[in-house]
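Report on the structure given below.
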Amino acid sequence: MKYKNLLISRYFLISKYIGVIIMFAGGAILSPLLFLMAYPEEAALAPHFLLAAGLSILIGFVLYIYGNKHQ
C-alpha cells in the first residue's frame, strides 16, 4: 500500500512538471508575434498563434494545478 501511494504521488509530480513544460511551449508559440511590428502584412495569422498558445497555456495550467492539488 505504501508503494502505491508513492507511485501515485510521483504521477502527480510528473503531471505538474508536464504542465510547466506545456505552459513554456505555449509561451514559445507566442514568440513569432513579436515580428508583427516588422511584418504587419502577416497580422492575419495572429489569431491562429493566439489560439494555439492560449490552449497550450490553459492545458498546462490545468495540469499544473491538478498535480499541485494532489500532492
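Only the coordinates and a few stated rules stand behind these numbers; no lab work does. All of these numbers come straight from a predicted model, not from anything done at the bench. Note that we place each Cβ from the backbone using ideal geometry, even for glycine, and neighbour counts take in every protein chain shown.
Points to keep in mind about this one:
- Here the simple spin-label model places points 7 Å from the Cα toward Cβ, and for Ile59 and Leu34 these points are separated by 2.5 nm.
- Full extension of the chain segment joining Phe24 with Leu51 gains 8.2 nm, where the gain is 0.36 nm per residue of separation less the Cα-Cα distance.
- Across all directions, the average flat footprint of the convex hull enclosing the Cα atoms of the chain is 4.6 nm².
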